[in-house]
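Notes to accompany the following structure.
The values are calculated or read from the model by the stated rules, or taken from the named source; none is laboratory data. Not measured: the values here are computed from a predicted model. Here the Cβ positions follow ideal geometry from the backbone for every residue, glycine too, while neighbour counts run over all protein chains shown. Protein only, heavy atoms only, side chains kept; ligands, DNA and RNA dropped before computing areas. Shrake-Rupley method; radii C 1.70, N 1.55, O 1.52, S 1.80 Å.
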Amino acid sequence: MKKKQKLDDDSVDDDKHKHVVDSPPHEEEEEDKEVVEKRRYRSMAKVAIGYSINPTVENSTITDMVHIVCPTFTLDTSKLQNAILQLYQEGKEKIKNLLKDAQGKLTLSCEWMVLGDWKWTSEDIVGPILHQDFMVISVYFADENFKMRKWILSYHPHPPEDMKVKDVYLDSFKNVVKDYEIESKVSTLLVPNNLDLGLDGFIKWIEEVRGETHQINPNVFLIYCCSDMFRLMVDDMYKDVRISCLMDRVRILLGWESDGRLYPTHWTYTLNKLQTAVDMEAKDVFEDEKYDYYDYPSDEEWIRIRTFCKLTGCIYKVAKELFDGEYPTANVYFHLLVELRLMLNQEVKNGDGDYFLGKAKEILERFEKYWDEMFLVLATASVLDPRFKSKYLDFYCSKSSDQGSKAETVVDYVRSLYSCYAASDIRPLPECAVEPTPRCIFYMFEDELEEEEEKKPDGYGDFAFFQEYLKFGGCCSREFHESELDSYFKEPVLEWKKDFDALEWWRKESSKYPILSRVVRDILSIPISRGTSTRAYVADKRECPEFIVALEGKLLNAMMCGESWPATLIWPSRYFET
């Protein structure tokens, strides 16, 4: 039997050898070449996606890189584009399964991106300009390690101009939700602050698709972008400074040359320049005879400029703490917006002159509308900050005659939210590996990792109400049935520390608060603004990368989505495959 088995094995080996011998050598070589070529193009596709390299250009950085190891290589851009599309499809399926299978909550944001026509010209762009504006849908969430994530799920050219704006946003949200099958996961929509998008229809559609009765209301938060709100408040005042070429005359008066970049879009830049003019005017610098030939602003125009600087200065005090900080999670907004509300009310109370009072009331009215709409979600996030819990909310409401009953409403909402999570079997979002290549993953809502900046001055010393709160010792004590939430409320608040990472604290305490920490992760990960750092001070339509305007729709979508996805999760192999 053993001999027969040996013969059988030999015969199998002979068949294998026979198959190899019978195959023409050139076919095997051709097959090897195809495999090597496919790997090369996959590697180049990863580089193109990760470093935003235009894949339609033959003489590009990719060609230079490949020529270092293979001088005779000729780039076929069509094969490179196909490799990018294939990588995108592979990555999309993994992202789709990750979001669909996990039961953590997600926020979707919608943003309108445009070609910056004040910056780019046709000579700057390689290839034809096929598109000039784009609709971008992104998803935000905190992963199992309590780290903020932002991934782009859709980046497409804007629909035809004859389509209504509200239909554009509605269709964009619905298409992404259906495409990624995340109907049951979406808890929040982050949208521009200045448009009536009619998204009640989307919320109703979500409820119908889910086909279930929710215990909490609202079951889908509609979040209006905070940086949009600030910009609109500034615009309410700036429109009076723009008239009669006043800005141009001030620019000439100061000898201030526009740099062609910040001047048109960043309102902080305008504030800085106008404040310089106000300071010079107060010191009678313009009384010098060398200014006699300038078109000097009138007394009425100086009132406009001073009004803009004073009220915009109030907004900037709060904005720089929100948007230039290290941890722009939802819990940092409530107490800082309280300061802005009080500052604006103080300006209305103490303001002098009809024009100043009119403008102060105008922007306060816009703020109050935002405050009323956003109060519940902002206050809820504040309560889930262990530095505050319900103490700050109680303190604020006790000092505000028109806000007294809101504290109990917020705490009741937190309790209903906790009960809903406790009664469900919600699994956490899976852990996301850390990607060493900065361009392939988002941290704290930014497209790129930035070098750690020098320690910024602490503006909290100027916030009178917050300083009063720090001295506040009283805190409501109630007897509750012991639960994670009750235990959390009963324990003392943490000592105030400005540079505090709330998500990191909850990660460390998640074993102590397994249910409540899930609630916190979903609430604190809600983005209250679409931009941080300098992006928070630009117009509502941010500029797109210039190279994508020359790309076909499917290709640019693959490039921009793939760039935002974590490479170690989606394409775990190294960049250059062998």
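Quick rundown of the values:
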| read-out | value |
| --- | --- |
| Filtered residues of the range 503-521 (kept if open to solvent by less than 10 Å² (accessible area, probe 1.4 Å) and assigned to a helix (DSSP H, G or I)) | L503, W506, L516, S517, V519, V520 |
| Meets criteria (over 22 Å from K150 (Cβ atoms), within 23 Å of the chain's Cα centre (by Cα) and modelled with pLDDT of 80 or more) for M233 | yes |
| Scope the range 70-97; condition touching a residue at least 12 places away in the same chain (Cβ under 8 Å), surrounded by fewer than 19 Cβ atoms within 10 Å (Cβ to Cβ) and within 19 Å of A142 (Cα to Cα); matching residues | K94, K96 |
| Selection from the range 315-331 of residues that are open to solvent by 10 Å² or more (accessible area, probe 1.4 Å) and either more than 15 Å from the chain's Cα centre (by Cα) or closer than 17 Å to A360 by Cα (or both) | Y316, K317, K320, E321 |
| Subset tally (residues that are more than 19 Å from K471 (Cα to Cα) and either of a type in the set (G, A, S) or in a loop (DSSP other than H, G, I, E, B) (or both)) for the range 484-502 | 5 |
| Where P55 falls short, out of the listed (1) open to solvent by less than 40 Å² (accessible area, probe 1.4 Å); (2) part of a helix (DSSP H, G or I) | (2) |
| Test: residue in the range 378-388 that is closer than 21 Å to K490 by Cα, touching a Cys at 6+ places or on another chain (Cβ under 9 Å), at pLDDT 95 or above and of a type outside the set (A, V, I, L, M, F, W, C) | no |
| Meets criteria (modelled with pLDDT of 85 or more, closer than 20 Å to G461 by Cα, open to solvent by 10 Å² or more (accessible area, probe 1.4 Å) and of a type in the set (A, V, I, L, M)) for M280 | no |
| Every pair of residues 6+ apart whose Cβ atoms lie under 8 Å, when the first sits in the range 391-402 and is within 20 Å of E368 (Cβ to Cβ) and among the small types (G, A, S) while the second is surrounded by fewer than 20 Cβ atoms within 10 Å (Cβ to Cβ) and at pLDDT below 95 | S398/G404 |
| From L384, L376, L417, residue being open to solvent by 40 Å² or more (accessible area, probe 1.4 Å) and aliphatic (A, V, I, L, M) | L376 |
| Residue, nearest to W565 (Cα to Cα), within the range 58-69, restricted to residues that are in a loop (DSSP other than H, G, I, E, B) and in contact (Cβ under 8 Å) with a residue 12 or more places away in the chain | S60 |
| Test: residue in the range 97-113 that is within 30 Å of K174 (Cα to Cα), at pLDDT below 80 and in contact with a Leu (Cβ under 9 Å, 6 or more places away or on another chain) | yes |
| Residue in the range 338-352 that is within 30 Å of the chain's Cα centre (by Cα) and of a type in the set (G, A, S) present | no |
